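One structure is given here, and the rest of the page talks about it.
The values are calculated or read from the model by the stated rules, or taken from the named source; none is laboratory data. Because the structure is a prediction, the values reported are computed rather than measured. Quick reminder, even Gly has a Cβ in these numbers, built from the backbone with ideal geometry, and neighbours come from all protein chains shown.
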Amino acid sequence: MSAGVRVGVLVSGRGSNLEALCAAAASPGFPARIALVISNRRDAGALEIAARRGIPAEVIPLGHFGHDERARDLAMRDRLRLAGVQLVVCAGYNRILSDEFLAAFPDAILNVHPSLLPAFGGGMHAVEAALDHGVKISGCTVQLLEPGITDGGPIIVQRAVPVHEDDDPERLRERIHEQEWVAVPEAVRLWCEGRIRREGRVVRIAAPPGATDAPPSQADSLT
Ligand code: GRF
């Protein structure tokens, strides 16, 4: 059994971010292992990815809890705790988590969102909204989730994606996804290496252990 921080991943869809995280976790020296995948949907492609990778996965649908979101979230919390999960990653999880769930893992829930927050937060159609607004640059954000605010938590990693004249939502979404596949493993690595320092809502990234140079600024990761 490999060592590393035990990560629980919440999914609802295709699972390409889960796949990217699995690939990173399988590489030598990555400081995390995926202990459990939880989906709220039986038809999530992410479940096939977990099965192929031999990662324990469970479906915890809202219907089992009389459509009580809080009850479902508490069941998820308990399951994650039982699996010894230290860090939760929402990788395309399509529900807003209850404050009680968020408070159960303080500063230990990451979420990936397909825009450069705070632009186009708070909804499931960030890519369409960015195109409709006519922005020239969009991207992705990995942030910490906190009780009481949606898509407004401290930002850990952002990666920029230029918008092309002929983009439609599918084309732009795919290029944003490619950046998410870098950003999510990067944020997980930083968290697991204990390099995330919060100053209020601002996250500073500490240098890796043994490094003598100053850490790169977030701007250096923009492509
Ligand atoms: C990603 O674009 C993420 O930003 C959003 O949902 C999508 C999930 O994609 N929250 P996948 O299921 O990881 O392929």
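Couple of notes before you dig in:
- Residue list for region 104-117, restricted to those being more than 21 Å from Val37 (Cβ to Cβ) and within 14 Å of the ligand (Cβ to nearest atom): Ser115, Leu116, Leu117
Table: residues versus (1) in contact with a strand residue (DSSP E or B) (Cβ under 8 Å, 6 or more places away or on another chain); (2) small (Gly, Ala, Ser).
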| site | (1), (2) |
| --- | --- |
| Ile38 | yes, no |
| Gly54 | no, yes |
| Arg70 | no, no |
| Ala103 | no, yes |
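- Yes/no for Asp151 being at pLDDT below 95 and within 20 Å of Leu87 (Cβ to Cβ): yes
- If you filter region 83-95 down to residues that are more than 17 Å from Arg72 (Cβ to Cβ) and within 12 Å of the ligand (Cβ to nearest atom), you find that the one that is surrounded by the most Cβ atoms within 10 Å (Cβ to Cβ) is Val89.
- You will find that of Phe101, Phe120, the residue that is over 21 Å from Glu193 (Cβ atoms), touching a helix residue (DSSP H, G or I) at 6+ places or on another chain (Cβ under 6 Å) and within 14 Å of the ligand (Cβ to nearest atom) is Phe120 and no other.
- Gly92 closer than 30 Å to Glu165 by Cβ, without any contact (Cβ under 8 Å) to a residue 60 or more places away in the chain and outside any helix (DSSP H, G or I): no
- From Asp78, Asp43, Asp73, residue being part of a loop (DSSP other than H, G, I, E, B) and acidic (Asp, Glu): Asp43
Residues checked against (1) free of Cβ contacts under 8 Å to residues at least 24 places away in the same chain; (2) away from the ligand (no atom under 11 Å from the Cβ):
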residue	(1), (2)
Asn17	no, no
Phe30	no, yes
Ala35	no, yes
Ala46	no, no
Arg52	yes, yes
Pro56	no, yes
Ile60	yes, yes
Arg72	no, yes
Ala75	yes, yes
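- Filter pass, Gly210 being exposed (fewer than 14 other Cβ atoms within 10 Å of the Cβ) and at positive phi: yes
- If you check Ser39, Ser16, Ser27, Ser98 for being among the hydroxyl-bearing types (Ser, Thr, Tyr) and crowded, with 22+ Cβ neighbours inside 10 Å, only one passes: Ser39.
- Residue in region 146-169 that is within 13 Å of the ligand (Cβ to nearest atom), assigned to a helix (DSSP H, G or I) and either touching a residue at least 60 places away in the same chain (Cβ under 8 Å) or surrounded by fewer than 18 Cβ atoms within 10 Å (Cβ to Cβ) (or both) present: yes
- Count of region 128-144 residues which are surrounded by 23 or more Cβ atoms within 10 Å (Cβ to Cβ) and of a type in the set (A, V, I, L, M, F, W, C): 3
- Checking Val142 against (1) touching a Lys or Arg at 6+ places or on another chain (Cβ under 8 Å); (2) assigned to a strand (DSSP E or B), the condition it does not meet: (1)
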